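S.K.: Next up is a structure, given as structure tokens.
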Amino acid sequence: MDQALQHLVNGTVLGGTYALLGIGLTLIFGVMRVVNFTHGELYAFGAYMVYALVSLLGINFYLSLLLAALLGAALGAAIELLLLRPLRRADIDSVMLVMIGAALVLQNAEMWGWGGVAKLVPSPFAGTPLVVGPVSVMPLRIFVLLVACALLLGFWLLLDRTRAGTAMRATFQDAEAAALMGVRVGWVNTATFAIGSGLAAAAGALLGPVFMVSPTMGDLVGLKAFAIVILGGLGNLPGAAIGGFALGYIEEFGGGYVSTEYRDAFGFLLIILVLAIRPQGLVAPRERVG
């Protein structure tokens, strides 16, 4: 029982950051119908920015997290303006090829700029775990979970309580109808890609101090982001959050009770099972009637 509680805590911490990844990716797909292959590299970009700001420039750790997320959002906006906007009327194959190329460019730029040696991001948190009954957890991981939950709440408030969120939801449901009602769909697309990229960079910035930072860290994370979207249902934002936590739990419990060597494989086995039983995902998306 004690071991199960420990895995539950660890899975919750991991699931919170996975939810950020999944929501950012499914938001971009839902609004723009673009498969964002740069998502994993934006995650790595956020981790490297925290390393650069804290280790090289000596900027405050907490401020560095915010700056890394903002820089990720700025990079996402630049990708949308320079690469995706000129291809707005192009076929999906051309867009996918461009995004794959952009991901390769970002990864090789990281390799060229930072080298192949993994980096360690220093944090202000103590290295001794907090012990509460049978559960022990590092203070840094508690901080990561709290910030991830705050970002998820802030994202929900943005979508539900602001005019920008209303425009994004309208474009999500029907871009042509939103344009007829006066929504500037082009700028909604830019804002959407920037927010999704910022969430990916924020996830990387949060987990960068927990794990080592390397140029290839975005490869597996990008695949996991797609796994989360599939688990939750394509274009389903609540489903992406549920899928993120589900993936965190299945990895943690699978690694704890079966084998840590195969923990990354358990999530993809879950995808196969979900696709076989519920092809629409764990949470079925709402269909527009008309």
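S.K.: Which one, Leu87, Leu53, Val131, is farthest towards the positive end of the dipole of the chain when Lys and Arg carry +1 and Asp and Glu -1 on their Cβ?
M.R.: Selected residue: Leu87.
S.K.: Please find the FRET efficiency linking Ser259 to Met111, where r is the Cβ-Cβ separation and R0 is fixed at 30 Å, and quote it to the nearest 0.05.
M.R.: So the FRET efficiency works out to roughly 0.50.
S.K.: In what sequence, highest mean first, do 16-28, 246-258 appear when ranked by Cβ atoms within 10 angstrom?
M.R.: Descending packing order for the listed peptides: 16-28, 246-258.
S.K.: Using the Karplus equation 6.51 cos²θ - 1.76 cosθ + 1.60 (θ = phi - 60°), what ³J(HN,Hα) coupling, rounded to whole Hz, does each residue of the stretch 165-173 give in order, writing x for Gly and Pro?
M.R.: Along the stretch 165-173, the couplings run x, 4, 5, 5, 5, 5, 5, 4, 7 Hz.
S.K.: Quick one: pull the percent of accessible area on the chain belonging to carbon and sulfur, 1.4 Å probe, ligands and nucleic acids left out.
M.R.: Heavy-atom surface of the chain belonging to carbon and sulfur, 1.4 Å probe: 69 percent.
S.K.: Looking only at Ala175, Ala205, Ala240, which one moves most when the chain is put into a Gaussian network model with springs between Cα atoms under 10 Å?
M.R.: Ala175
S.K.: To the nearest 20 Debye, how big is the dipole of the chain about its Cα centre, given +1 on the beta carbon of each Lys and Arg and -1 on that of each Asp and Glu?
M.R.: Numbers: 15 positive and 15 negative charges, 137 e Å.
That gives the chain a dipole magnitude of about 660 debye.
S.K.: At 37 °C and a viscosity of 0.692 mPa s, what translational diffusion coefficient does Stokes-Einstein give for the stretch 1-44, taking Rh as the Kirkwood radius over Cα pairs? Give it in µm²/s as a whole number.
M.R.: Translational D for this selection: 272 µm²/s.
S.K.: If you don't mind, there's one more thing I want to ask. Could you order peptides 269-279, 99-109 by the average number of other Cβ atoms within 10 Å of their residues, highest first?
M.R.: My ranking of the peptides, most packed first, is 99-109, 269-279.
S.K.: Work from the charge dipole of the chain (Cβ charges, +1 for Lys and Arg, -1 for Asp and Glu, about the Cα centre) and give the residue of Ala178, Leu273, Ser214 farthest towards its positive end.
M.R.: It is Ala178, whose Cα lies furthest towards the positive end.
S.K.: Roughly speaking, what is the stretch gain from Leu153 to Asp219, that is 0.36 nm per residue apart minus the C-alpha to C-alpha distance, in nm to one decimal? Can you show the working numbers first?
M.R.: Values: separation 66, 0.36 × 66 = 23.76 nm, distance 2.73 nm.
Between Leu153 and Asp219, full extension yields 21.0 nm more.
S.K.: Quick one: Karplus J couplings for the stretch 200-214, per residue in order, coefficients 6.51, -1.76, 1.60, θ = phi - 60°, nearest Hz, x for Gly and Pro?
M.R.: Result, rounded to whole Hz: 5, 5, 5, 4, x, 5, 6, 8, x, x, 7, 10, 7, 9, 9.
S.K.: Taking R0 as 35 Å, what FRET efficiency do you get between Phe211 and Leu180 from their Cβ-Cβ distance, rounded to the nearest 0.05?
M.R.: Rounded to the nearest 0.05, the efficiency is 0.15.
S.K.: Continuing with this model, one more query. Assuming R0 = 51 Å, what is the FRET efficiency of Arg88 and Ala126, from their Cβ-Cβ distance, to the nearest 0.05?
M.R.: Given R0 = 51 Å and the Cβ-Cβ separation, E is 0.55.
S.K.: Something else about it: How much mean residue ellipticity at 222 nm does the chain get from its helices, if each DSSP H run of length 4 or more adds -39500 (n - 2.57) and you divide by all residues, to the nearest 500 deg cm²/dmol?
M.R.: -23500 deg cm²/dmol
S.K.: Here's a follow-up. Taking H as built 1.01 Å from N, whose amide H comes closer than 5 Å to the amide H of Gly233, not counting residues under 5 places away?
M.R.: Leu282, Val283
S.K.: Another question about this same structure. Compute the distance from the alpha-carbon center of the stretch 19-86 to that of the stretch 183-228, in whole Å.
M.R.: 5 Å
The values are calculated or read from the model by the stated rules, or taken from the named source; none is laboratory data. Quick caveat, the model's predicted, so the values are computed rather than measured. In this analysis, Cβ positions are derived from the backbone assuming ideal geometry, glycine residues included, and neighbour counts consider all displayed protein chains. Protein only, heavy atoms only, side chains kept; ligands, DNA and RNA dropped before computing areas. Shrake-Rupley method; radii C 1.70, N 1.55, O 1.52, S 1.80 Å.
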